[in-house]
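Notes follow the structure.
The values are calculated or read from the model by the stated rules, or taken from the named source; none is laboratory data. As the structure is a computational prediction, the values presented were derived from the model and not from experiment. Every residue, glycine as well, gets a Cβ built from its backbone with ideal geometry; the counts of neighbours run over all protein chains shown. We work out accessible area using only protein heavy atoms, side chains counted, and drop any ligands, DNA or RNA first. Shrake-Rupley method; radii C 1.70, N 1.55, O 1.52, S 1.80 Å.
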Amino acid sequence: MFKKITTWLGRQSPWLLLIVGVVGALVVGGGATAGLAWTNTEAFCTGCHEMRDNVYVEFKDTPHDRNASGVRAKCPDCHVPRETVDLLIRKVQASGELWGKLTGKIDTREKFEEHRYQLAVNVWKRMKTTDSRECRHCHTQAAMAADLQSERAQTRHAKAEREGMTCIDCHFGIAHQEPEGPGPQEIDFSAL
């Protein structure tokens with residue numbers, strides 16, 4: 001059927017075939033772009049009860065939700081890269097997480113708690129691999145005012161920079177409850 005249509009169109013005018021192709025590509029591309037934008041909204045992230053009733057509840061009233069600056073992070077700010085290729089890779093990875101939704105892997109609070117540590121390790125591993133890329137979109141080294149930090153924070157940030165540490169090595173459990181078990185500094189992620 002498709003071959004008959006394209007053959008007929010080709011006989012009518014190569015320009016018509018080109019126009020149909022361009023319009024089709026724009027529709028598909030526009031749909032894909034709209035889909036990516038929609039899946040990067042807080043409403044999408046909290047649309048399922050697993051996220052809304054567990055991690056989103058924990059996020060409420062944390063410094064990333066409410067703070068003196070009035071800047072509020074949304075789920076994608078911390079969990080989705082902004083660079084196109086990295087964003088697409090993360091979206092493909094996240095599509096695998098839909099299997100957990102479909103099979104009810106964390107559909108109750110008890111099941112979520114049972115898997116909390118592994119879920120956190122997955123996020124920590126990604127953040128270690130990317131040098132906390134998503135954190136650094138908002139928290140840039142150049143924008144940090146050392147003179148406004150406590151002496152302890154200044155010392156720790158200097159040490160972290162010297163030792164090649166990344167944000168998640170120290171700043172974990174700040175937007176969600178910290179799970180029981182070793183933290184990011186204590187895990188050998190190369191073995192995972």
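Using θ = phi - 60° and the Karplus form 6.51 cos²θ - 1.76 cosθ + 1.60, what ³J(HN,Hα) does each residue of region 71-78 get, whole Hz, x for Gly and Pro?
Couplings: 7, 10, 7, 10, 2, x, 4, 9 Hz.
If you rank Ser13, Ser190 by how much accessible surface each has, with a 1.4 Å probe, what is the order from largest down? Display every interim value, and only then the final one.
On the way: Ser13 35, Ser190 105 Å².
Sorted descending by solvent-accessible area, the residues read Ser190, Ser13.
Quick one: what are the phi-derived ³J(HN,Hα) couplings along region 186-192, Karplus 6.51/-1.76/1.60 with θ = phi - 60°, whole Hz, x for glycine and proline?
For region 186-192, the Karplus curve yields 9, 9, 8, 5, 5, 7, 8 Hz.
Would you work out if region 57-107 is rounded, prolate or oblate? Take a ≥ b ≥ c from the square roots of the eigenvalues of the alpha-carbon gyration tensor; rounded if a/c is under 1.5, else prolate when a/b is larger than b/c, oblate otherwise.
Details: a/c = 6.01, a/b = 1.41, b/c = 4.27.
Note, shape of region 57-107 comes out oblate.
Compute, for the chain, the length of the dipole vector about the Cα centre, with Cβ point charges of +1 (Lys, Arg) and -1 (Asp, Glu) only. Units Debye, rounded to 20.
On the way: 25 positive and 25 negative charges, 224 e Å.
In total the dipole reaches around 1080 debye.
Where a Cα-Cα gap under 20 Å defines reach, which lysines qualify for Lys74, not counting those fewer than 8 residues away within the same chain?
Lys60, Lys91
Return the whole-Å distance between the Cα centroid of region 143-190 and the Cα centroid of region 19-51.
35
Mind giving me the nanometre distance, one decimal, between the label points for Thr41 and Arg136, set 7 Å out from Cα along Cα→Cβ?
3.1
Which value in deg cm²/dmol, rounded to the nearest 500, describes the helix-derived mean residue ellipticity at 222 nm for the chain, given -39,500 (n - 2.57) per DSSP H run of n ≥ 4 and division by the residue count? Mind dumping the intermediate values first?
Details: 10 runs with 112 residues, N = 192.
Value at 222 nm, helices only, nearest 500: -18000 deg cm²/dmol.
Using DSSP H assignments, which helices in the chain have an axial alpha-carbon span of 20 Å or above and a mean Kyte-Doolittle hydropathy of 1.0 or higher? All intermediate terms of the calculation are to be shown ahead of the outcome.
On the way: long enough: 14-38 (36 Å, 1.81); 84-103 (30 Å, 0.16); 109-129 (29 Å, -1.43).
In the chain, the long hydrophobic H runs are 14-38.
Using the Cα gyration tensor of the chain, with a ≥ b ≥ c the square roots of its eigenvalues, what is the shape: rounded (a/c below 1.5), prolate (a/b larger than b/c) or oblate (neither)?
Details: a/c = 2.51, a/b = 1.87, b/c = 1.34.
Because a/c hits 1.5 or more and a/b exceeds b/c, the chain counts as prolate.
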